[in-house]
1. Just the C-alpha atoms of the chain: what Rg/Rh do they give, with Rh taken as the Kirkwood radius?
2. If I take R0 = 45 Å and measure r between the Cβ atoms of W53 and T347 in this structure, what FRET efficiency does the formula 1/(1 + (r/R0)^6) give, to the nearest 0.05?
3. Over region 118-259, what is the relative contact order in percent, taking alpha-carbon pairs closer than 8 angstrom and at least six residues apart?
4. Amide H to amide H under 5 Å from Y468: which residues, 5+ apart in sequence or cross-chain, H placed 1.01 Å off N in plane?
5. Quote the accessible area belonging to L304 in square angstrom, nearest 10, computed with a 1.4 Å probe and with ligands, DNA and RNA left uncounted.
6. Can you pull the percent of the chain's accessible area that's carbon plus sulfur, 1.4 Å probe, other chains left in place?
7. With the contact rule set at Cα under 8 Å and sequence spacing of 6 or more, what percent relative contact order holds for region 84-168?
8. Report the full-extension gain for the segment N46 to K334: residue separation times 0.36 nm, less the Cα-Cα distance, to one decimal in nm.
Amino acid sequence: MAPIMFASLIVFLLFGYPVAFSLAATGLAFFALGVELAPFSGGSINLSWPLLWALPENFYGNRVMSNDVLLAIPFFTFMGIVLERSGMAEDLLDTVGQLFGPIRGGLAYAVIFVGALLAATTGVVAASVIAMGLISLPIMLRYGYDRRVASGVIAASGTLAQIIPPSLVLIVLADQLGRSVGDMYAGAMIPGLVLTGLYMLYILTMSIIRPNSMPALPEEARTLGKGVLSLIAALLAAGVIGYAAYRYLEPAHGANADILAGSFAVIVIYIFAVADKTFGFNAMSRLAQQVVIVLIPPLALIFLVLGTIFLGIATPTEGGAMGAVGALIMAGFKRRLTLDVIKQALTSTTRLSSFVLFILIGARVFSLTFYGVNGHLWVEHLLVSLPGGELGFLIVVNILVFVLAFFLDFFELAFIIVPLLAPAADKLGIDLVWFGVLLGVNMQTSFMHPPFGFALFYLRSVAARVPYLDRITGKQIAPVTTGQIYWGAVPFVCIQVLMIGLTIAFPQMVMHYKGKTVDPSTIEIQVPELPGMGLSPLGAPDGGSTPTQPAGTDLSQPPNFGGDQPAQPAPSTPDLSKPPSFN
């Protein structure tokens, strides 16, 4: 019955019914069928009508309505929407584009770099892709970038919000796998940065093979001028200040001295850059001023959110709340915090949170019936018995998730597929945090799959569909076709598949979250010698002095505390040649 139930759910989804209602309808329909068939199943179906009373507990218990972990989702969503509306993405793309502009592929590097920064601050793929599509795509087309390269790099860098913390999917995966969100964030950080590096490596390769596909920014477009040496000097000055502060703070603050010193150095260089720009000291170039002033606030927000989580100061929910407040403050400083911005952020947050909540409620109904027909045992036996053991299991599971990602959103995959895979992975001895990060990298491809990738839809919605006149050059720019967007995504899908293989081949990229591994064979336990006792170590032949019994002490008699004790008869030796007498 379990395979039929799962196949029926897939049919419902292929017909286009909403996921939440497909889950609930399939669960209830098969529950009624299972109750009728239970007496004839020989114990393989464990369903009865009173079992429905478990649903309210599932809904209002700690799995859905009272789940503190899922409360982080609306906080991070609100933070991301406010930051996107505040113009942070526009400022970052303009500044970083000027910084990388003089080299081939500079705008593509800037998009990837900003995509990683937005991923670490917003955690929302739609906000990142739409913002960069609106801002950077016209600039890249203006200066002669290949349309497939431009489309692919924007869509791919936007999906980095899927794997770089504070990713929403990592929160859901941690909840479904029963693991800490902080551990999941710590484990996903290095794979996310490696994936960003692979994107940049691809751009470097393409700039060498096809240099005309991504030309450098022309001289007249570099409005901030030159000044890279000034920026390097500012970074060196910040390093010197940080080192001096570390030496001063280390005796009093110990392990936290490096964080405090780094924070102090960043604050000093930021204040100096703002003062230099405000009062016209001209100690720094315009480019260095702009880079410092634009980059430090989002980096500070990243530390406020992720740093406090990694240091154990705040939970992910508390970190999300602080991030939301920080986003409001940043938007206020930019004078872009309006009532309309808050309304849009609240509307988007409510819509996404309701979407997640209803899917989770539907998944609870489906799982009640699925577990009642022993579907979890069927899936576990099916996956555990795969040839190849752990490696075979990982290959089959990743192929399954990769194929299902063509049709299902990452939330749907997390709520439907992951609860079925987790018991089998745990039984095979696979670390569930590593398994969750691996699935997160795989689910990231769901945004990039032609023709159903959501990131491609987001980019299609903001890319030009008809020819238009560029407002800077006055030239007519050809539109971006859907085919160009799809073909531009293909190389980045291949890079993501490569990243899945690297995560399997080098698990330590994720497993570092456990800290330094201790070899049990190097542990030495020393038992101190008790004073005055002279006890030798256990098992020693006669290596130490043995406590001696005081002379004249008969341990067979009760202790004498100074009073006259009655004489005790000497114990008689039993005669073992006769049977015992009980009289």
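The values are calculated or read from the model by the stated rules, or taken from the named source; none is laboratory data. Just so we're clear, the structure is a prediction, and the values are computed from it rather than from any experiment. Cβ placement follows ideal geometry from the backbone for every residue including glycine, while neighbour counts extend to all protein chains displayed. With ligands, DNA and RNA removed, areas are computed over all heavy atoms of the protein, side chains included. Shrake-Rupley method; radii C 1.70, N 1.55, O 1.52, S 1.80 Å.
1. Numbers: Rg = 32.6 Å, Rh = 28.1 Å.
With Rg and the Kirkwood Rh in hand, the quotient comes to 1.16.
2. For R0 = 45 Å, the calculated efficiency reads 0.80.
3. 22
4. The answer is I477.
5. About 60 Å², ignoring ligands and nucleic acids.
6. Here it works out to 67 percent.
7. 38
8. 97.7 nm
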